[in-house]
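Here the structure is laid out as structure tokens; the discussion comes afterwards.
The values are calculated or read from the model by the stated rules, or taken from the named source; none is laboratory data. Predicted model, so just to flag it, every value in this text is computed and none were measured. When we count neighbours, we look across all protein chains shown, and the Cβ atoms used for this are built from the backbone with ideal geometry, even at glycine. Accessible surface is based on the protein model in full, side chains and every heavy atom, while ligands, DNA and RNA are left aside. Shrake-Rupley method; radii C 1.70, N 1.55, O 1.52, S 1.80 Å.
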Amino acid sequence: MGLLRAWRRRSLSRLPFPPEWLPYLERYFPFVRNLEPEPRERFLEMLKLFVWEKEFISAGGFTLTDEVRVVVAATAVRLVLYLDLSYYDHLREIIVYPDAFRLPDRTGVVLGEAKHWGTVILSWKSVVAGLSNPHDGHSTATHEFAHVLDREDGSFDGTPELRRFSHYAAWTRVMDIHFHQLREGRARERQVLDDYGGVNEAEFFAVATESFFEKPRQMREKTPDLYEELQRFYGCDPLTGRAAASPPTS
């Protein structure tokens with residue numbers, strides 16, 4: 001499968017980026033215009049590959065459009081811009097509903113869900129709502145794609161596959177501290193993170209990822225060690241919109 005994927009990806013890479021997609025990025029992702037040339041080119045390359053490699057499926061009477069595919073894909077790609085698209089290799093399909101939906105294994109309505117078997121389910125209304133205020137720390141699509149990154153190493157446990165083995169000790173210590181302090185209702189964590197992050201370690205990582213990209217200034221001021229760990233993993237500094245100045249590698 002790896003060889004087949006690599007061959008297909010090389011073939012797709014030769015195709016030009018569809019220019020008609022650019023207005024969607026202008027509308028929903030203004031940060032893209034501020035990227036330096038090399039990361040911007042990489043973002044567009046990863047975006048087109050994601051759209052063309054993953055299967056998008058409509059549900060609940062929803063009509064899929066290029067706008068939907070591009071917006072969902074761009075949200076996913078933002079997380080791995082300084083990682084690698086291989087973090088989504090086990091993601092096969094994205095199912096999109098028009099609004100909140102119900103699932104057989106869940107009670108009540110759902111806005112998003114990442115499944116073990118390589119499926120992400122999203123409410124388009126919730127995706128757009130999350131992008132309409134890029135500084136409130138709430139983004140359903142970002143949350144669910146963070147779960148996909150978490151699952152890449154085999155389980156939803158709040159620890160994705162880190163860059164180096166030596167990073168796990170600090171990651172575990174920092175995440176554990178802030179997870180439990182959020183559960184205890186500490187003011188510092190609650191100013192940065194949604195209470196839903198206290199449900200379990202997997203939800204904590206997803207919620208922390210939302211805040212890292214949408215509330216980076218608050219996170220760096222209130223929980224600098226948490227910010228540093230996420231910066232080291234994602235390899236970027238959302239405050240500047242650039243790669244981390246000197247991402248720790250030891």
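The residue that is most open to solvent (accessible area, probe 1.4 Å), among those in the stretch 36-76 that are under 22 Å from Pro216 (Cβ atoms) and in contact with a strand residue (DSSP E or B) (Cβ under 8 Å, 6 or more places away or on another chain), is Glu36.
Of all residues in the stretch 14-25, those that are surrounded by 11 or more Cβ atoms within 10 Å (Cβ to Cβ) and either in a helix (DSSP H, G or I) or among the charged types (D, E, K, R) (or both) total 5. Taken together, the residues in the stretch 118-146 that are under 14 Å from Glu203 (Cβ atoms) and open to solvent by 10 Å² or more (accessible area, probe 1.4 Å) amount to 5. In this structure, Phe204 does satisfy being without any contact (Cβ under 8 Å) to a residue 60 or more places away in the chain, buried (at least 20 other Cβ atoms within 10 Å of the Cβ) and over 30 Å from Glu41 (Cα atoms). Checked against (1) assigned to a helix (DSSP H, G or I); (2) crowded, with 16+ Cβ neighbours inside 10 Å; (3) touching a residue at least 60 places away in the same chain (Cβ under 8 Å), Val174 passes all but condition (3).
Of all residues in the stretch 230-246, those that are over 20 Å from Ala169 (Cβ atoms) have Cβ atoms under 8 Å from Cβ atoms of residues that are part of a loop (DSSP other than H, G, I, E, B) and modelled with pLDDT of 95 or more, 6 or more apart or on another chain, in Cys236/Leu81; Cys236/Tyr82; Ala243/Tyr82; Ala243/Gly235. Answer yes or no: is there a residue in the stretch 84-105 that is under 21 Å from Thr240 (Cα atoms) and either in contact with a Gly (Cβ under 6 Å, 6 or more places away or on another chain) or open to solvent by 60 Å² or more (accessible area, probe 1.4 Å) (or both). The answer is yes; a qualifying residue exists.
Looking for whichever is in contact (Cβ under 8 Å) with a residue 40 or more places away in the chain and not aromatic (Phe, Trp, Tyr) here; the options are Leu111, Leu25, Leu44. Which one fits?
Going through Leu111, Leu25, Leu44 in turn, just one is in contact (Cβ under 8 Å) with a residue 40 or more places away in the chain and not aromatic (Phe, Trp, Tyr): Leu25.
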